[in-house]
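Participant: Here you go, one structure.
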Amino acid sequence: MSKTAIIIGGGVAGMETAGQLNRLGIEVVLIEKQASLGGHLKNWDRLFPDRRESQEVFDYLEKGMNDGISLYLNATISDIREAGGKFTVILEDGRELSSDALVLATGYDLFDARKKEEYGFGIYDNVITSAELEEFFRNNKQKNLFEGVQSKRVGIVHCVGSRDEKVGNLYCSKLCCVTGVKQAIEIRELMPDAEIFCFYMDLRMFDRHFEEMYYEAQEKWGIRFIRGRLSEAAENPDHTILVKVEDTLTGLPLKMKVDLLILLVGFVPSPETKRLAGMLGLKEGDDRFLCPSDEHLLPNSTDHPGVFLAGTLKGPASIAATIVDARAAALQVAEYLVNGER
Amino acid sequence: MKSFGYTITKDRQIDYDANDRRLIEYVEGIEPSIRICMECGSCSATCTAGHFTDFSIRRLHTLLQRGETLHLRKEIEKCMLCGKCQLVCPRGVNLRNLILIIHQALDKLHHDL
Ligand SMILES: Cc1cc2nc3c(=O)[nH]c(=O)nc-3n(C[C@H](O)[C@H](O)[C@H](O)COP(=O)(O)OP(=O)(O)OC[C@H]3O[C@@H](n4cnc5c(N)ncnc54)[C@H](O)[C@@H]3O)c2cc1C
Ligand code: SF4
Ligand code: SF4
Ligand code: SF4
């Protein structure tokens, strides 16, 4: 009899885990709460580090969604039960789905920038988030970003909602630095004459090709970097934004006017993940992301036999890292289904 | 008017909008390597002038980027044009040329600095 795995969450991690398990001959059920697959990937335009279209990645993942996978969209899970090594996932509409293994791939949420009130998101017109900028790029590719506005200067604020104990997030979101540099270059392409500033504490360009992007941003695109965390942003009567920062490399406070302020919002653990983790008694770390049973050796297993983790519900990660993690998860699940618990 | 001895303290803040960036733009136009400084401080760490005076070539450049040119003419006199800064710079920024071009520019642009 063939074994079944239920994957919860149809973002990059869930789609890749599902596709991989299916290719290994395991029956897969994929449950997604939204109306379509893809998760956050569907909101991004071109991806760092090479600025390929996000659609290309989605197309690849979608190809893996063949007939062997039962897809449940718009599905809300009301309970998860377990008896005799079998899991039963109960949906809100009463349907019951059962399996031999369970993979959580419920991803992350974006930090709600309104919580950093001093930056004025949701209050001032010209303060937007990095996610909104992606949406703009997706929808208005041909148009000038600042049509009508006489935009001359753009500020990009790093670490919004990350590395900030005041909002409860001590961790670094890892990918906002590179996202900021990527977006700075993209804005420059739209507006060759604009002055573009990144306000950063450290530039964490940790992965392959990232540091080179930083170099390119300076050398080729003339992006300027000011080390210092914004203390506040205030709106001028003409709707430009006055930012205040310590330029820590000169040791002097600095103020400047920008026409547009972009907030690089970080990753936060999603309440949905927490809810499901609660049903299964899974443990979370001090950062509130879920913890596998061994971060070095068993990054996809949990202390709960038959329950596995894939993707950014364990913390910030790029798409490339998420794909690798999803494949590792699939292998762990397959091994469990063939050999039982290790 | 009666004087109470109060004066207005000059603001230390860099007012980027009010500052004049013509000089750095001129310098960058001639020596584009200036752009790729990543503010690591190796240059200042090795600079002999910086060991004996409060001169910091790294900070001078950063201030110039912000359009801060106060005391610039006096500051650049401290550099001996030895070139050690460029030798240690991991990005090969030609700081010696920065100083040379500033000298040039100050005459050319008739900057009253
Ligand atoms: C602004 C920004 C830009 C980025 N740009 C890039 C980039 O250019 N390149 C790159 O490599 N990475 C980028 N990333 C990172 C990228 O978004 C993540 O690596 C990727 O989305 C992780 O996928 P995931 O499947 O783990 O999570 P998600 O994308 O969050 O997917 C989780 C899925 O699970 C579903 N779900 C959640 N709870 C439930 C539930 N209870 N029941 C059913 N379904 C549920 C969600 O609806 C969602 O579809 C960016 C991140 C940010 C914040
Ligand atoms: S990746 Fe950069 S912007 Fe994001 S939290 Fe870390 S240091 Fe801050
Ligand atoms: S060239 Fe000038 S700034 Fe550079 S090390 Fe020599 S004295 Fe210092
Ligand atoms: S050594 Fe080079 S990169 Fe480092 S601060 Fe000096 S000029 Fe900049």
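Participant: About the Cα centre of segment A:113-267, how large is the charge dipole given +1 on each Lys and Arg Cβ and -1 on each Asp and Glu Cβ? Please answer in debye to the nearest 20. Present the calculation step by step, with values, prior to reporting the outcome.
Facilitator: Values: 22 positive and 25 negative charges, 40 e Å.
Magnitude of the dipole: close to 200 debye.
Participant: Mind checking the dipole of segment B:19-112: about its Cα centre, +1 per Lys or Arg Cβ, -1 per Asp or Glu Cβ, Debye to the nearest 20? Mind showing how you got there, number by number?
Facilitator: Numbers: 13 positive and 11 negative charges, 43 e Å.
So the magnitude is around 200 debye.
Participant: I want the local charge near A:I185. Using Cβ-Cβ distances under 9 Å, sum +1 for each Lys or Arg and -1 for each Asp or Glu among the other residues.
Facilitator: Once positives and negatives cancel, what remains is +1.
Participant: Taking the Cβ-Cβ separation of B:M80 and A:D202 as r and a Förster radius of 35 Å, what is the calculated FRET efficiency to the nearest 0.05? Show your work: numbers first, answer last.
Facilitator: Working: r = 33 Å, r/R0 = 0.94.
After rounding to 0.05, the efficiency reads 0.60.
Participant: P(r) of the protein assembly as shown in 20 Å steps, Cα pairs, percent per bin?
Facilitator: 22, 44, 25, 8, 0, 0
Participant: Excluding same-chain residues fewer than 8 positions from A:K3, which aspartates and glutamates have a Cα within less than 15 Å of its Cα?
Facilitator: The qualifying aspartates and glutamates are A:E27, A:D100, A:E335, A:E341.
Participant: Explain nothing, just the number: relative contact order of chain A, from Cα pairs under 8 Å at least 6 residues apart, as a whole percent. Let's see the in-between values first.
Facilitator: Details: 699 pairs, mean separation 70.8, N = 342.
This gives 21 percent for chain A.
Participant: Determine the relative contact order of segment B:1-95: mean sequence separation of Cα pairs under 8 Å and six or more apart, normalised by residue count, in whole percent. Working shown, then result.
Facilitator: Working: 75 pairs, mean separation 34.5, N = 95.
Worked out over segment B:1-95, it gives 36 percent.
Participant: Which order do the peptides A:258-267, A:124-133 take when ranked by the mean count of other beta-carbon atoms within 10 Å per residue, highest first? Before the final figure, lay out the partial values.
Facilitator: Numbers: A:258-267: 25.9, A:124-133: 19.2.
Descending packing order for the listed peptides: A:258-267, A:124-133.
Participant: So, in Å, what gap is there between the alpha-carbon centers of segment B:14-36 and segment B:70-113?
Facilitator: 13 Å
Participant: Please identify the DSSP H helices in chain A that span no less than 18 Å along the helix axis (Cα) and have a mean Kyte-Doolittle hydropathy of 0.0 or more. Could you put the intermediate results ahead of the total?
Facilitator: Details: long enough: A:176-190 (21 Å, 0.53); A:319-339 (29 Å, 1.01).
Counting only whole DSSP H runs, the qualifying helices are A:176-190, A:319-339.
Participant: Once you put a point 7 Å from the Cα of B:R73 and another 7 Å from the Cα of A:E211, both along the Cβ direction, what distance in nm separates them?
Facilitator: Distance between label points: 4.2 nm.
Participant: Here's a follow-up. Can you say what percent of the DSSP beta bridges in segment A:113-267, counting only those with both residues inside, are antiparallel? Round to 5. Write out the running numbers ahead of the final one.
Facilitator: Details: 12 of 30 bridges.
Of the beta bridges lying entirely in segment A:113-267, close to 40 percent run antiparallel.
Participant: Chymotrypsin sites (Phe, Trp or Tyr not before Pro), restricted to segment B:1-84: which are DSSP loop and have at most 10 other Cβ atoms within 10 Å?
Facilitator: Values: sites: B:F4, B:Y6, B:Y16, B:Y26, B:F52, B:F55; in loops: B:F4, B:Y6, B:Y16, B:F55.
In loop regions of segment B:1-84 (DSSP not H, G, I, E or B), the sparsely surrounded chymotrypsin sites (Phe, Trp or Tyr not before Pro) are B:F4, B:Y6.
Participant: Would you mind checking A:K116/A:K244; B:K10/B:K108; A:K42/A:K63; A:K152/A:K257 for any pair whose Cα atoms are more than 20 angstrom apart? Walk me through the numbers before you get to the answer.
Facilitator: On the way: A:K116/A:K244 15 Å; B:K10/B:K108 30 Å; A:K42/A:K63 15 Å; A:K152/A:K257 10 Å.
Where the Cα-Cα span goes over 20 Å, the pairs concerned are B:K10/B:K108.
Participant: Among A:G120, B:G5, A:A131, whose Cα lies farthest out toward the positive end of the dipole of the protein assembly as shown, if unit charges sit on the beta carbon of Lys, Arg (+1) and Asp, Glu (-1)?
Facilitator: B:G5
Participant: Just need log10 I(q)/I(0) for segment B:19-112 at q = 0.16, 0.18, 0.21, 0.25 Å⁻¹, Debye formula, equal scatterers on the alpha-carbon atoms, no solvent, rounded to two decimals.
Facilitator: Those come out to -0.58, -0.75, -1.04, -1.51, one per q.
Participant: If the chain between A:R81 and A:Q34 were fully stretched, how many nm would it gain, using 0.36 nm times the residue separation less the Cα-Cα distance?
Facilitator: On the way: separation 47, 0.36 × 47 = 16.92 nm, distance 2.24 nm.
Extra length available between A:R81 and A:Q34 comes to 14.7 nm.
Participant: In addition: With a/c under 1.5 counting as rounded, go ahead and sort segment A:113-267 into rounded, prolate or oblate using the C-alpha gyration tensor (a ≥ b ≥ c being the square roots of the eigenvalues; past the cut-off, prolate if a/b is larger than b/c, else oblate).
Facilitator: Details: a/c = 1.28, a/b = 1.06, b/c = 1.21.
The shape class here is rounded.
Participant: Give the residue from B:N94, B:S44, B:I34 lying farthest towards the positive end of the charge dipole for chain B; charges sit on Cβ (+1 for Lys and Arg, -1 for Asp and Glu) and the dipole is referred to the Cα centre.
Facilitator: Farthest towards the positive end: B:S44.
Participant: Using helices alone, I'd like the mean residue ellipticity at 222 nm for the protein assembly as shown: each DSSP H run of four-plus residues gives -39500 (n - 2.57), total over residue count, nearest 500. Let's see the in-between values first.
Facilitator: On the way: 14 runs with 140 residues, N = 455.
Mean residue ellipticity at 222 nm (helix-derived): -9000 deg cm²/dmol.
Readers should treat all values here as calculations from the given coordinates under stated rules, not as data from a laboratory. Nothing here was measured: the structure is a model prediction, and the numbers come from that model. With ideal geometry, Cβ positions are generated from the backbone for all residues, glycine too; neighbour counts draw on all protein chains shown.
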